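Asks: The structure under discussion is supplied below as structure tokens; questions concerning it will follow.
The values are calculated or read from the model by the stated rules, or taken from the named source; none is laboratory data. Note that this is a predicted model, so its numbers are computed, not measured. So basically every Cβ, Gly included, is an ideal-geometry build from the backbone, and we count neighbours across all protein chains shown. Heavy atoms of the whole protein, side chains included, go into the accessibility calculation; ligands, DNA and RNA do not. Shrake-Rupley method; radii C 1.70, N 1.55, O 1.52, S 1.80 Å.
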Amino acid sequence: MLASSRTADAVRTIDPRRDVQFAIRSLLKTPAFTIAATLALALGIGATTSILSVVNGVLLRPLPYVESDRLVLLAHNDRNPVAPANYLDWRRQTRSFTDVDAAEAWSVNLAGTDQPERVSALRLSAGMLPMLGVHPLLGRVFTTQEEVAGSERVAVISYGLWQRRFAADRAVIGRNVLFDGQPFTIIGVMPPTFQFAPFWATHAEIWAPLPLGARATSRTGQSLRVFARLRLGVRLEQARSDLAAVSARLEREFPGTNRNVTVQSLKHIVVGDIETPLLILLGAVAFVLLIACANVAHMLLARATSRQKELAIRTALGATRARLVSQMLLESALLATAGGVAGLLLALWGVRALIAVSPAIIPRVAGVTVDARVLLMTLGVTAATAIVFGLLPALRSARVDLAETFRDGDRGSTDGHGKHRLREALVASEFSLALVLLIGAGLMIRSVVALQRVDPGFDSRNVITMTISTSGTKAADPSIRQAFFSDALARVKAVPGIESASFINHLPIAGDSWGFSFAVEGRPKPKPGDSPVATYRVVFPGYFHTMHIPLLRGRDVASTDRIDAPAVVVINEFMANSFWRGEDAIGKRITLDDSSWVTVVGITKNTVRDQWAAPAQAEMFLPYAQQKSFLTSRSSPFTYLTLVARAACPRPGCDVAALVAPIVRAVHDIDRNIAIAEIQTMSSVVEQATAESRFYLVLLGAFAAIAVVLAAVGIYGVMSYSVSRRTHEIGIRIALGAEPSSVLRFIVRQGMTPALAGAGVGMVAAFALTRLMGRLLYGVGPTDPMTFGLVAGVLCAVALVASYLPAHRATRVDPLTALRSD
């Protein structure tokens, strides 16, 4: 009697340490259950933590500048560059900003070592670096006096360049170096993490003053990115109104120069394009976590049913329902903790994998880590997970009918209608969530297939490209520059294994894109700012042949198209159809400067430009030997060209990269100071152009695969458990003459009912949610009927198999064995 009393007191008394020990022993008694539940939770929590880390690092973390939320970009149409005169007027006349500064893209040849290097750089107005609030690691930044044309040339370099080219020598401050053959004094080294600008020219490693000089009055050369800092208390809308008023006055005074002026948060410019895709991935991984929780809830319900006698004894000894619920929730918390720890380890690996495979379009991804904020988020996810999968099973299982349990034991027992409905609801929820994920993955598969079928207008196979810059060398002299490029091209063509080669100013897709306005002969002169614009390409003869771009009509650029010959141009099919529809564009004339005419001599097939799947736009190709800027200017943009060389591959998959070294040697045989950079194959350029869609496909596909496996395991587990609980009943049915086939149909129907209900709910949810994927899709609509129908059919087939296997096993039960079973 005394022992019984002590046992009852022990059951009623709350002792946290003893409760934890009991929960651990209870979980260890069922290792298969514990391992399966932990793995399911680890998958869900690990995937969630990985995507949370990316969302935190890319979207939530502030930009690495002082009070970065007050930094904005002033531009045309959100991010297009600005003319110098407009920048200076905005700076003087606006009142919403404490600072307004500009940056201009630049690239230099860094000489002084055995291997010349082409380095990405920026020219900045003197106030730019102080506005950002980032102090140099060594030295100082430049001043307003050093921004004036004719002053001493100074530069600030990146930490990486300091390490790579100057061996981290602290005496680099004050050292003279040659940039494009001009002496510059290094006055500062920026910290390791410094990057500017964060959305454009992100690889810049040199920053020098921006002397506008005579360009200060120009409103046509739009080359500046303008950044500003909002005054304290000024909202973004106020700044937009302020700049709109200023630009409206300037537009009236200088028509066509101040249209579509915008003010955008710098952070929005950096992450705006990636925000929706990342949030979609976060929602997808949350679905995976919910499916994992539903699976574990299934297992807890089954486990609790097998513990009915234990729970009944504890109840008989005085344990309250609240006591039983708290004990079972403690076991759920331990499972969630184990799953959280394992998930965190998976997340550490997952983040590294995401960084490795993420495309360049995702900004700031290199700095993504599992930091303190993510750890807190993971802790919250783990706690929420414990409640989600543990609470309902604990409440249901704590309802113990003592008389029923002690009278019948387990013989022929069936779960109550409440538990049965709960399990059906969990199965339905798993299938609805899995269906949404599968449809999203299916849409991405169709998009990637459609992207792979895009005809770029050229053949990217076996083509090697590289930028060849003459800046700072003897070949930069306009009097010999054309001869240098012609000699270099001849030497490259002579390299064994090269089929053909040519030059272009900017490579399609991966290169810069210059737009020039033009006018068509015989058409009314457009108003200022309304002139049509075409992408401006400068090419050597043989470019179209090398790239396998079909000439639809007319002829190619020829070696006879020199500066003293009539000016000619080759245009693309889109431009021909846009301006001479129903006419033959060959022989028509356009002007780029209102003073001289250029005759159309050829029409090419449309090719992709700076975006892989963007609609075609007007594009013109002009002979290098007829472009005065490229022949006479000493400015950096006109001193380099991009080489395209096609390898003569007798078989698919030959190693075109092996030709890089001989090509480089051929150029350096002329002048070893020539900088050669951006060496890549056109196939890799194409792969990079479609990398974003493939990245989302891989992640959504992985999440969908996990979801399908978990959902299939869930329904299989429920059906297996249900069949095992009804062995006695099935034996009686068969003993009384029921056909095995009818028993089979009955059990399968029970398994398919919640799965079909979940699929129906999932179809409705997917119809609403996939509309958010519109920006990620190409060649397929977000509610594509074929994808919806095919995915639903596949998932229902999975459910059918998961239901059939335990049902088929049940029909093979020996009735005598089933009738004797407990």
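Asks: May I ask you to say which residue of T193, T143 is in a loop (DSSP other than H, G, I, E, B) and free of Cβ contacts under 8 Å to residues at least 24 places away in the same chain?
Replies: Only one candidate passes the filter, namely T143.
Asks: Looking at the structure I just gave you, is W207 part of a loop (DSSP other than H, G, I, E, B), out of contact with any His (no Cβ under 6 Å at 6 or more places or on another chain) and not β-branched (V, I, T)?
Replies: In short, no.
Asks: Are there any pairs with C-beta distances below 7 angstrom linking a residue in segment 524-545 that is touching a residue at least 60 places away in the same chain (Cβ under 8 Å) to a residue that is open to solvent by 40 Å² or more (accessible area, probe 1.4 Å) and of a type in the set (K, R), with the two at least 6 apart or on different chains, and if so which?
Replies: From segment 524-545, the pairs are G529/R259.
Asks: Next question, about the same structure. In segment 66-92, which residues are open to solvent by 60 Å² or more (accessible area, probe 1.4 Å) and either assigned to a helix (DSSP H, G or I) or not β-branched (V, I, T) (or both)?
Replies: Correct list: E67, D69, N77, D78, R79, N80, R91, R92.
Asks: Then there is this: Of everything in segment 619-651, what is free of Cβ contacts under 8 Å to residues at least 40 places away in the same chain and either in a loop (DSSP other than H, G, I, E, B) or open to solvent by less than 10 Å² (accessible area, probe 1.4 Å) (or both)? Give them in sequence order.
Replies: Scanning segment 619-651 gives S635, P650, R651.
Asks: Kindly provide the set of residues from segment 197-223 that are under 19 Å from V271 (Cβ atoms) and of a type outside the set (G, A, S), ordered by number.
Replies: Residues satisfying the conditions are P198, F199, W200, T202, H203.
Asks: Among the residues of segment 574-583, are any out of contact with any Gly (no Cβ under 9 Å at 6 or more places or on another chain), more than 22 Å from D530 (Cα to Cα) and assigned to a loop (DSSP other than H, G, I, E, B)?
Replies: Within segment 574-583 (the criterion being out of contact with any Gly (no Cβ under 9 Å at 6 or more places or on another chain), more than 22 Å from D530 (Cα to Cα) and assigned to a loop (DSSP other than H, G, I, E, B)), the answer is yes, since at least one residue qualifies.
Asks: Next question. Can you name the residue in segment 475-504 that is open to solvent by 10 Å² or more (accessible area, probe 1.4 Å) and among the β-branched types (V, I, T) and, of all such residues, is farthest from V660 (Cα to Cα)?
Replies: The selected residue is I480.
Asks: Looking at this structure, is D459 surrounded by fewer than 20 Cβ atoms within 10 Å (Cβ to Cβ), more than 17 Å from S683 (Cβ to Cβ) and among the charged types (D, E, K, R)?
Replies: Judged against the criteria, D459 is not a match.
Asks: Still on this structure: Criterion first (over 24 Å from T473 (Cα atoms), in contact (Cβ under 8 Å) with a residue 60 or more places away in the chain and part of a helix (DSSP H, G or I)) does V608 satisfy it?
Replies: no
Asks: Here is a further query. Please determine, by comparing only the residues of segment 423-447 that are surrounded by fewer than 19 Cβ atoms within 10 Å (Cβ to Cβ) and not charged (D, E, K, R), which one is nearest to the chain's Cα centre (by Cα).
Replies: Here the residue is I445.
Asks: Suppose the filter is of a type outside the set (S, T, Y), over 33 Å from the mean Cα position of the chain (by Cα) and within 19 Å of S595 (Cβ to Cβ); does P541 pass it?
Replies: Considered against the rule, which asks whether it is of a type outside the set (S, T, Y), over 33 Å from the mean Cα position of the chain (by Cα) and within 19 Å of S595 (Cβ to Cβ), P541 comes out as no.
Asks: Next question. Under 9 Å between Cβ atoms, which residue pairs at least 6 apart in sequence (or on different chains) link something in segment 47-65 that is at pLDDT 90 or above and in a loop (DSSP other than H, G, I, E, B) with a partner that is among the hydroxyl-bearing types (S, T, Y) and open to solvent by 10 Å² or more (accessible area, probe 1.4 Å)?
Replies: P62/S68; P64/T193
Asks: Here's another thing I want to ask about it. Does any residue of segment 224-238 turn out to be acidic (D, E) and crowded, with 17+ Cβ neighbours inside 10 Å?
Replies: Among the residues of segment 224-238, not one is acidic (D, E) and crowded, with 17+ Cβ neighbours inside 10 Å, which makes the answer no.
Asks: Right, something else. Output the residue which, of all residues in segment 247-276 that are of a type in the set (S, T, Y) and out of contact with any strand residue (DSSP E or B) (no Cβ under 7 Å at 6 or more places or on another chain), is least open to solvent (accessible area, probe 1.4 Å).
Replies: Result: T257.
Asks: So which helices (runs of 4 or more DSSP H) stay within segment 672-773 end to end and still have 2 or more residues that are within 30 Å of V660 (Cα to Cα), under 39 Å from the mean Cα position of the chain (by Cα) and at pLDDT 85 or above?
Replies: Fully inside segment 672-773 and qualifying: 682-689, 691-725.
Asks: Would you call T604 in contact with an Asp or Glu (Cβ under 9 Å, 6 or more places away or on another chain) and at pLDDT below 95?
Replies: Answer is no for this residue.
Asks: Still on this structure: Considering only residues that are surrounded by fewer than 18 Cβ atoms within 10 Å (Cβ to Cβ), at pLDDT below 90 and part of a helix (DSSP H, G or I), which ones fall in segment 774-792?
Replies: Scanning segment 774-792 gives G774, R775.
Asks: Residue by residue through segment 93-115, note down the ones that are open to solvent by 60 Å² or more (accessible area, probe 1.4 Å) and modelled with pLDDT under 95.
Replies: A105, G112, T113, D114, Q115
Asks: Output the number of the condition that A336 fails; it satisfies all remaining conditions of (1) small (G, A, S); (2) crowded, with 22+ Cβ neighbours inside 10 Å; (3) at pLDDT 90 or above.
Replies: Checking A336 against (1) small (G, A, S); (2) crowded, with 22+ Cβ neighbours inside 10 Å; (3) at pLDDT 90 or above, the one that fails is (3).
Asks: Let me ask something else. Would you point out which residue out of A111, A201, A149 is within 30 Å of V664 (Cβ to Cβ), more than 34 Å from the chain's Cα centre (by Cα) and touching a residue at least 12 places away in the same chain (Cβ under 8 Å)?
Replies: Answer to the selection: A111.
Asks: Scan segment 540-554 residue by residue and report those that are surrounded by fewer than 18 Cβ atoms within 10 Å (Cβ to Cβ) and within 17 Å of E619 (Cβ to Cβ).
Replies: Of everything in segment 540-554, those that are surrounded by fewer than 18 Cβ atoms within 10 Å (Cβ to Cβ) and within 17 Å of E619 (Cβ to Cβ) turn out to be H548, P550, L551, L552, R553.
Asks: Starting from segment 747-765, take each residue that is more than 21 Å from A807 (Cα to Cα) and open to solvent by 50 Å² or more (accessible area, probe 1.4 Å) and list its partners that are of a type outside the set (A, V, I, L, M) and in a helix (DSSP H, G or I), counting only C-beta distances under 6 angstrom and pairs at least six apart or across chains.
Replies: Correct list of pairs: V761/S432.
Asks: Of all the residues that make up segment 512-535, how many are in contact with an Asp or Glu (Cβ under 8 Å, 6 or more places away or on another chain) and part of a loop (DSSP other than H, G, I, E, B)?
Replies: Residues flagged as in contact with an Asp or Glu (Cβ under 8 Å, 6 or more places away or on another chain) and part of a loop (DSSP other than H, G, I, E, B) within segment 512-535 amount to 1.
Asks: Can you tell me which of (1) within 30 Å of A711 (Cβ to Cβ); (2) modelled with pLDDT under 85 is the one Q21 doesn't meet?
Replies: (1)
Asks: Let me ask you something else. Scan segment 176-192 and tell me whether some residue there is within 34 Å of the chain's Cα centre (by Cα), within 27 Å of Q264 (Cα to Cα) and buried (at least 21 other Cβ atoms within 10 Å of the Cβ).
Replies: yes
Asks: Considering only segment 566-606, how many residues are open to solvent by 20 Å² or more (accessible area, probe 1.4 Å) and touching a strand residue (DSSP E or B) at 6+ places or on another chain (Cβ under 9 Å)?
Replies: Here the count works out to 17.
Asks: Please go through segment 546-557 and pick out each residue that is of a type in the set (A, V, I, L, M) and without any contact (Cβ under 8 Å) to a residue 60 or more places away in the chain.
Replies: L551, L552
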